[in-house]
1. Please specify each residue of the stretch 83-114 satisfying the condition of being free of Cβ contacts under 8 Å to residues at least 40 places away in the same chain, among the polar types (S, T, N, Q) and not in a strand (DSSP E or B).
2. Here is a list of conditions, (1) surrounded by fewer than 21 Cβ atoms within 10 Å (Cβ to Cβ); (2) over 19 Å from PHE160 (Cβ atoms), and VAL1067 meets all of them except one; can you say which number that is?
3. Could you please find all residues in the stretch 807-841 being in contact with a Leu (Cβ under 8 Å, 6 or more places away or on another chain) and closer than 20 Å to ALA336 by Cβ?
4. If I filter the stretch 1166-1198 down to residues being of a type in the set (A, V, I, L, M, F, W, C), at pLDDT 65 or above and under 27 Å from THR70 (Cβ atoms), which single residue comes out as farthest from the chain's Cα centre (by Cα)?
5. Could you count how many residues in the stretch 44-82 are part of a helix (DSSP H, G or I), touching a residue at least 60 places away in the same chain (Cβ under 8 Å) and closer than 11 Å to PHE11 by Cβ?
6. Out of GLY89, GLY76, GLY108, which single residue is surrounded by fewer than 17 Cβ atoms within 10 Å (Cβ to Cβ), within 26 Å of HIS170 (Cβ to Cβ) and in the same structural domain as MET1172 (by the TED database)?
7. Scanning for something touching a Ser or Thr at 6+ places or on another chain (Cβ under 6 Å), at pLDDT 80 or above and over 18 Å from LEU22 (Cβ atoms), does the stretch 1143-1158 turn up at least one residue?
Amino acid sequence: MYVKSLTLKGFKSFASATHMRLEPGITCIVGPNGSGKSNVVDALAWVMGEQGAKSLRGGKMEDVIFAGTTGRAALGRAEVTMTIDNSDGALPIDYTEVTISRTMFRNGGSEYAINGTSCRLLDIQELLSDSGIGREMHVIVGQGQLDAVLRATPEERRGFIEEAAGVLKHRKRKEKAIRKLEGMEANLSRVADLTTEIRRQLGPLGRQAETARKAAVIQADARDARHRLLADDLVRMTSALQQEVADEQAMLERRKVLEQAVLAARTRITEHEEAGASAAAELAAAQQRAVRLASLTDKLTATASLAAERVRLLGQDEEVETTSGRDPEALREQAARARADEEELRADIARVGEELAAAVAAREAAERAHAAEQQRIAALAQRAADRREGLARLAGQVGARRSRIEAREAEVGRLEEVVATALARADEADREFTRLEGTIADEEGSEEGLDEVYERAAEAHDAAEAEVERIVEAGRVADRDRQSAQARLEALELSLRRKDGVEALREAAEDEHEILGSVAELVTVTGGHEAAVAAALDQAGNALALGSIDAAARAVERLRTDDAGRATLVVGATARPSDRTAWPSLPAGAVWALDVVTAPESVRPAVDQVLERVALVADTPAALALLDEVGDLTAVTEEGDVYGPGFVRGGSSAAPSLLELQAAVDETREVLLDATRRSEESTFALTSARATLAERVEARDAAMEALHESDARMAAVAEQLGGLGTTTRTARAEAERTRAKIADVTTALDADRTELAELEQRLEDASSEPTDDDGDDATDDRERLELEASSARTAETEVRLSLRTKEERARSLHGRAESLEGAARNEIAARERLRARRERRRREAEVAAAVETAATWSAERTAAAATVAAQQRDAGEAARAERDEALRGLRTELTEQQDALRELTDEVHRDEVARAQQVAKIEQLQTKAIEELGMDPDVLMEEYGPHQLVPHVAGPDEDPEAEDFPEPQPYVREVQEKRLRTAERGLKSLGKVNPLALEEFAALEERHTFLTTQLEDLRQSKKDLLDIVAEIDERVEQVFSEAFADTAEQFEGVFSRLFPGGEGRLVLTDPGNMLTTGIEVEARPPGKKVKRLSLLSGGERSLVAVALLVSIFKARPSPFYIMDEVEAALDDTNLGRLIMLFEELRDSSQLIVITHQKKTMEVADALYGVSMRGDGITTVVSQRLRDVAPADEQAQPA
């Protein structure tokens, strides 16, 4: 099985359809950076189901669609099709070729297909997982992924091996089964609860059906009585309404007279109020005027004070405000002097410029003379060429040799300094290396301590987390017990409620009948004897305890009067004390009933009397034996059978007695209290445990942080050690190279010295020969002219330098003058602002003084006006008091008249309301007859009125046609009311009646049967799923164990090949749990003691990651692997080792490698060249290396 072809359409930079036909073996994809090589890897990952946009080097999944360039518009979809050769049947599908395609639309839609048939992503993942290609995509090793493999957690490394071994599909089956289990658990619990609830409802619903049959007869009797009573009420109230006649006209006339008197009184009051309103307006104006004048006086006084304070403050500010700047005139004088100095320098500059022009002219003349002399000397030299040529050549050679010797000597000195510097640098690096080695040893020691601290912190955290889980579970159990006990208690208490006369007495006032409580509530029985004591007490166990015999008599009379049924009553005060001295002794295993019963003193005598000479035994034989032995006593078995002189009472168990129910209530209350206490204790303990867990989390995180910091420090030290080692090696190599250069330069220096000695001797011999006088004179003239030209150049340079210096000084003086003039201007402006500020404050002081004078004068005037206004206000208030007194008299008279009118009106209204209420009651009764009884009121009065005879309602066991059937009786209201009360009590004694109980009981019983069947099916399904999970766990453990063993064995071999002399192995983090254990990688390169991966160099880390991946590849081969520049960080030696592994993998798998390395390309079976022109679109060319006559094949756009 191998990837046969890959087609890309609109995927990233592949705008046009590009078809790549791949071959088995090694296929290398090469090309410049940025040309789109990695896009091929992304396409393979994407078509195989990659869902992470970041894994595809994008921000969102739509980024895989071609985004367009300046010359080509963006596309609307991306499509990648991968064809796999399945001739070997590696994929579980009946095709020799399998084509997988994926299409992404820009609107976010996505489509998958297998051999052109639409499918789900899950279908593709499951198809590929059978051949070791899973969701983790370990077969694709992208850029930067090698270090990610090493940084992965132990559990993530386990995932790589699981994927290669094909375990992930089993895990997916397990996860699916567990999800089903979780959903099924909820359904199972719900069905179980429903079944329990329905089973609990079946019994009460059956009793409700029986009650419904009894209630039908009672309801018919009550309905007839209710009809006749309502008809009687309508007849009586209608007659009363017709008889009511009131003297309404006289009351209306009297009310009219009173209304006219009230109107006249109101008119007089209105006149007085209008006069008072006018005067009140004037009084209010006077009051407002007085208040405003007083307020204005205060404001003017305050204004005068503020103005005086303002005058004082302005005077003080003028005294202290001065200027501290320099004198502007002095600044101007300094600026003028600078300007004068500048002018002088400008004159000197002009003069020096003239001197420079003269110097330039002199230099040019001297140079022309020197050039002419040189030409003349050259002519002379031409004539003496033969003799002087040899001499000049020798002199030049001597000078050249001397210069070269000096240069070589200087070079030797410089190189010796370089050697000394390099050796010093190497020694310093060695000393620092030695110091850091000691540091890293200390760090490794502290690292072990930090590991121990972290392990202890992790163990403490796990223990705290387990404690929290235990407390949570205990709280959950306590809450469940509490809820169960609460429900049971409510059900038991509901069962204790009575529907007979006892309940009627309890509903009445307890103090009226001196009720102490029921005997079951007051008596406490030793555990295990409840049924026996209840049988012994018989009716007394269900009785109501009263304080006296009189209270008991009143209670019985009350029950008879209310027709509330019968009741058994116990009166402790009337019972005689029991004399136990005459009782016989009991055999072993028997106990007196009084010894297991505890009761308060108020009922103890009655209990003693009821249980007198009553013994409790184990069973019937013991009871019979006891009766034979003693005779005059009563024996009660644990099952509740009673054996006494002349009687036996027993049989099958009936409903629980009140005593047993009360004991169950007391027991359930204790259980409820215990569960509540445990729940509260769990809540408190959970708070403390969670606080402890938070502390343990912080401690664990702190330990982990310290461990990370230690790792970071050790990594930094390791990096420094590597740098220092490189520095030492570089420095020593530089010293060696420099020493070799010194030796070469010294050899050349010795040869130059020998040649110099020979040349000097030849020059001396040549110079001793006679010379030409003209030549000497010419040489003297040339030297003189050359000296003159040099002097002229020197003079020009000095003049030019002087000119530049003076120009710089002139610029400096100009800048100083500008600065001084600016300072003078600023100082003048500051003084002008100060003068203006002083003038403004003087004016403000004058204004403040004027304000003070005016405010003082105005305050005096307003004070006088305020006094006059106050007098006017007082006079107005006196007049208002007189008017108010007169108005109160008129209002008193009006109030008396209104009271009389109100009383009369109220009397009229009361009569109207009484009639309205009477009418409303009649209408209410009519509405009640229509809504509740469904009869017209007239028909009701006609058929059920008091004039009609009352027939007897037949019971379920009575025959209306019988001769003894009661005859109809005349209507008597008291009899009908008692009849209705009796029927209502009968209904009440029956409790709540469900008229649909029969139908509901049948439907509920059918639903119970159905749910019971479903519950059994769910339990069987749960068992099947648990079996599947166990089978999967067993399979996963077996497959992973085998895969890990093979991978670990391969890792040791691959590591030893990549790191000759090194040691590496894979270690399980939890060997005892093969289902969840992680995998740690230990690697020790040759010559190093460290095993932590963080201390390895970049290249070593890459090789370790490659070793791990290749080990997985060799242990559990996949059909193909894709590697994106995995050898980029490797040197030639390690690259060669990696290529040997590639060649081994080629035998079992197809390799698609993206590379820039020439050596990798050399072992490839085929090359694909990827390029990108200026249009931003990737194109591909291919070359099959094994072809005898290779031909380039350009991938054509579709």
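The values are calculated or read from the model by the stated rules, or taken from the named source; none is laboratory data. Quick caveat: nothing in here was measured; it's all calculated off a predicted structure. A quick note on method: Cβ atoms are made from the backbone with ideal geometry, for glycine too, and the neighbour counts reach across all protein chains shown.
1. Answer for the stretch 83-114, where residues must be free of Cβ contacts under 8 Å to residues at least 40 places away in the same chain, among the polar types (S, T, N, Q) and not in a strand (DSSP E or B): THR96, ASN107.
2. Every listed condition holds for VAL1067 apart from (2).
3. Result: ARG809, ALA810, LEU813, LEU820, GLU821, ALA823, ALA824, GLU827.
4. VAL1181
5. Residues flagged as part of a helix (DSSP H, G or I), touching a residue at least 60 places away in the same chain (Cβ under 8 Å) and closer than 11 Å to PHE11 by Cβ within the stretch 44-82 amount to 1.
6. GLY89
7. No, that holds for no residue.
Residue-wise test of (1) under 18 Å from ARG604 (Cα atoms); (2) at pLDDT below 75; (3) surrounded by 14 or more Cβ atoms within 10 Å (Cβ to Cβ).
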{"site": "GLU469", "(1), (2), (3)": "no, no, no"}
{"site": "LEU496", "(1), (2), (3)": "no, yes, yes"}
{"site": "SER548", "(1), (2), (3)": "yes, no, yes"}
{"site": "ARG566", "(1), (2), (3)": "no, no, no"}
